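One structure is given here, and the rest of the page talks about it.
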Amino acid sequence: MNTLILYDTLYGHNFELGNFIYQTILPSAIFLSFKEALQVKLDSIDLLILCPCTYGEGQLTASEEKFYNYLCQCQFSVPRLVYYIAGVGDKNFGPAKFANAVNIFDRQLRQHAASPLASSLKIDYEDLPTAQQTVTDEITNFLRKGRDSNY
Ligand SMILES: Cc1cc2nc3c(=O)[nH]c(=O)nc-3n(C[C@H](O)[C@H](O)[C@H](O)COP(=O)(O)O)c2cc1C
């Protein structure tokens, strides 16, 4: 299975989350920042994991926006692609803006007929240690189901 994990970060939380997933759950994945994402052909990827950060007023960062535009411009549907989005933000920005990058990418990937492996997760930066357990459970359940169905 070809897996791509993408993160963007200024203060380190989304890097920490992406790196945690890479190191502890999916060590054979490709682990890149959104800046480097366009080097990879999405049609070669089976599982896409995004750890996007939210800046401005519930907006994407410049590098995330480039990847988002790439997704928008692609006239493809990717029914084979499974994805999971877990992004760290700050609850103090209010419910509409909190980790809104998660919603933006979720909407876009669904439009391309990609399938979520579990509901996307918005994480307050103060809750990152506990959220890592949820992320681990969701991804390992998905991997276990895939392994079981191969027997
Ligand atoms: C200028 C600025 C704007 C921000 N806007 C939002 C926002 O709209 N929603 C949100 O959830 N967090 C917002 N944040 C908080 C960051 O998303 C939060 O600090 C998060 O931990 C950053 O991820 P990182 O540690 O990976 O850089 C903002 C932070 C800054 C500095």
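The values are calculated or read from the model by the stated rules, or taken from the named source; none is laboratory data. Quantities reported herein were computed from a predicted structural model and do not represent experimental measurements. Cβ placement follows ideal geometry from the backbone for every residue including glycine, while neighbour counts extend to all protein chains displayed. Surface accessibility is based on the protein's heavy atoms, side chains included, excluding ligands, DNA and RNA. Shrake-Rupley method; radii C 1.70, N 1.55, O 1.52, S 1.80 Å.
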Simple SL model, points at 7 angstrom along Cα→Cβ for ARG107 and CYS72; separation in nm is 1.1
Rounded to the nearest whole Å², what accessible area per residue is found for the chain with the 1.4 Å probe?
-> 53
Tally up the carbon and sulfur contribution to the accessible surface of the chain as a whole percent, 1.4 Å probe, everything protein left in place.
-> 50
Which value results when the Cα radius of gyration for the stretch 1-142 is divided by 2.2 N^0.38 Å?
-> 0.95
List every residue whose amide H lies under 5 Å from the amide H of ASP124, counting only residues 5 or more places away in sequence or on a different chain, with H placed 1.01 Å from N in the peptide plane.
-> GLY89
Cβ-based net charge around ARG80, under 9 Å, with every Lys or Arg adding one and every Asp or Glu removing one | -2
Between ALA62 and ASN19, Cβ-based FRET efficiency (R0 35 Å, step 0.05) works out to 0.95
Among chymotrypsin sites (Phe, Trp or Tyr not before Pro) in the stretch 28-103, those in a DSSP loop whose Cβ has at most 15 other Cβ atoms within 10 Å are PHE76
Of the GluC sites (Glu not before Pro) in the stretch 12-106, which ones lie in a loop per DSSP and count no more than 12 other C-beta atoms within 10 Å?
-> GLU57
Where does the chain land at 222 nm, in deg cm²/dmol rounded to the nearest 500, when only DSSP H runs of n ≥ 4 count, each adding -39500 (n - 2.57), divided by all residues?
-> -11500 deg cm²/dmol
Of all trypsin sites (Lys or Arg not before Pro) in the stretch 98-151, the ones in DSSP coil with at most 13 other Cβ atoms within 10 Å are none
Put THR24, THR61 in order of accessible area, largest first, probe 1.4 Å, and you get THR24, THR61
